[in-house]
Amino acid sequence: MTRVILVHGIGQQLRGPESITETWLPSLNDGLAVSGAATLPRHAVSAAFYGDLFRKPGHRGLGEPPLDASDVELGLEHDLLLSWWQAAADAEARVPAADASARLRTPRIVQRALNALSHSAFFAGLAEGAMIGSARQVRRYFTEPEVRRAAGERLARAVTDETRAIVAHSLGSVVAYESLCAHPQWQDLTLITLGSPLAVRGLVFDRLRPAPHGGTARWPVPVSRWINITDHGDAVALVKNLAPTFGTRIQDLTVNNGAHAHDVRPYLTAHQTGLALADALS
């Protein structure tokens, strides 16, 4: 009876499918309510949870030392942190801007990025290790085939004949897109992406499967309607509009999430999200 599937983003490794659903559902129903639509019962919603794939195994020691700037790997982890820094500085006056030296690959530059991001709305209150861990989860998804495959399988198991919409946040939009492309037999689904990094070239877009061709990504066959919703200040969704690279059938919308631009809850309570979901369910 699953009509709506929720696909979470980074930083959820200590949660589970039930806690994700219990957190998202009130906000999801708020969005439906403000759009004038009927709300959803608990049994109509399920989460495609993959956060545990990033959870570290237990051991007998007192705990691993926290990650610091010297632990950031060159390549995707490093480049993501600097991209988030630049996007946060562009959107928020309180975030110090990067300069030309930020293109250098040194722990000192990474430390500056972490210090700057600590002033941003999205990363405020997070320890440096958590910021690094967020970038590391993105890197692991794209570089560890078993993680990528398992995340897609979690979503595939959640889809039923009753499913009408997939609501995907942040890295979850990548999981959803790739899973939808891999299952052309699914039919007539609405995809709602929130704070999506899908169109970020060099970091995400060029790593997608199936690979984009000629600067354009393949349309996921099961999707009859795709609504992409972003906040202007969302540092993770560096490219706000997906239509230029994923197809003009996409409806790109902008919302205002206040101080917490990337938080999934204000995305879900937005009138635009409620309307898109209500249309899918009707």
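Restricting attention to region 209-241, the residues that are over 14 Å from the mean Cα position of the chain (by Cα), surrounded by 18 or more Cβ atoms within 10 Å (Cβ to Cβ) and aliphatic (A, V, I, L, M) total 3. Within region 37-71, can you find the residues that are modelled with pLDDT of 90 or more, within 28 Å of Gly233 (Cβ to Cβ) and in a loop (DSSP other than H, G, I, E, B)? Of everything in region 37-71, those that are modelled with pLDDT of 90 or more, within 28 Å of Gly233 (Cβ to Cβ) and in a loop (DSSP other than H, G, I, E, B) turn out to be Ala37, Ala48, Phe49, Tyr50. Exactly one residue among Leu203, Leu180, Leu171 is in contact (Cβ under 8 Å) with a residue 24 or more places away in the chain and surrounded by fewer than 24 Cβ atoms within 10 Å (Cβ to Cβ), and that residue is Leu203. Taking every residue in region 132-147 that is closer than 16 Å to Asp206 by Cα and pairing it with any residue that is of a type outside the set (Gly, Ala, Ser) and not in a helix (DSSP H, G or I), at least 6 positions away or on another chain, the pairs with Cβ-Cβ distances below 7 Å are Val138/Ile10; Arg139/Glu73.
The condition (being in contact with a strand residue (DSSP E or B) (Cβ under 7 Å, 6 or more places away or on another chain) and under 20 Å from Ser196 (Cα atoms)) is satisfied by just one residue among Ile20, Ile10: Ile20. Considered as a group, the residues in region 110-144 that are among the hydroxyl-bearing types (Ser, Thr, Tyr) and either crowded, with 17+ Cβ neighbours inside 10 Å or touching a Lys or Arg at 6+ places or on another chain (Cβ under 7 Å) (or both) include one that is farthest from Trp84 (Cα to Cα), and that residue is Tyr141. Please verify whether region 219-242 includes one or more residues that are outside any strand (DSSP E or B), of a type in the set (A, V, I, L, M), more than 25 Å from Leu80 (Cβ to Cβ) and assigned by TED's automatic domain parsing to the domain that holds Pro41. Looking for residues that are outside any strand (DSSP E or B), of a type in the set (A, V, I, L, M), more than 25 Å from Leu80 (Cβ to Cβ) and assigned by TED's automatic domain parsing to the domain that holds Pro41, one finds at least one in region 219-242, hence yes.
Scanning region 253-267 for residues that are buried (at least 18 other Cβ atoms within 10 Å of the Cβ), of a type outside the set (Gly, Ala, Ser) and over 25 Å from Val159 (Cβ atoms) turns up Val255, Asn257, His262, Asp263, Pro266.
The values are calculated or read from the model by the stated rules, or taken from the named source; none is laboratory data. Not measured: the values here are computed from a predicted model. Every residue, glycine as well, gets a Cβ built from its backbone with ideal geometry; the counts of neighbours run over all protein chains shown.
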